[in-house]
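Structure first, commentary second.
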Amino acid sequence: MSDKSSTLAAAQGLLILIVPPSLEEMLVDYLLLRKDISGFTSHKVHGHGRVHGDVNLSIVEQVSGRQARVQFMTHAAVEDLQVLVTEIKQRFRSADIHYILLPILAC
C-alpha cells in the first residue's frame, strides 16, 4: 500500500446528523449496533427557517421560528462514514434527515 493509500484509508471525518425527534430512538438503536463507529453524541437542537428538507413548518413552528430536532455526531474513518450515510439514506429513505460529513484535520 502506498503512503497516499494509507493516508486516505486513515482519513478521519465527523458526521453530523440532524433528525426529527420522532426518529431519535430508532437512530440511537441503529447507531449502537454499528461496528464501524465507537460511539456518538446526541443532543436536542432547533432548526430555524421556513422549510427543512421537504417538510414544511407547522403554524406553531412558523410563529416560533423553530422546529425541534435531534443532532447526532460521530467521528470515524471517512470511508466508514460514507458507507454509514449511504445505509442511513436507504434505511430511512422517507425521513427528513439532514447530514453533514466533514474531514477532520486533527483530533
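What follows draws every value from the coordinates through simple rules; no lab data is involved. What you are looking at is a predicted structure, and each value in this text was computed from that prediction instead of being measured. Every residue, glycine among them, receives a Cβ derived from its backbone with ideal geometry; neighbour counts consider all protein chains shown.
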Overall form of the range 12-103 per C-alpha gyration tensor (a/c, 1.5; a/b vs b/c): prolate
Mean-position separation - Cα centroids, the range 62-107 and the range 15-49, in angstrom: 8
Listed residues P20, S38, Q82: farthest to the positive end of the dipole of the range 12-103 (Cβ charges): P20
Rounded to whole Hz, the Karplus (6.51, -1.76, 1.60) HN-Hα couplings of the range 69-80, x for glycine and proline: 9, 10, 10, 10, 9, 9, 10, 6, 5, 3, 4, 5
Size of electric dipole in the range 12-103: Cβ of Lys, Arg +1 and of Asp, Glu -1, about Cα centre, debye, nearest 20: 180
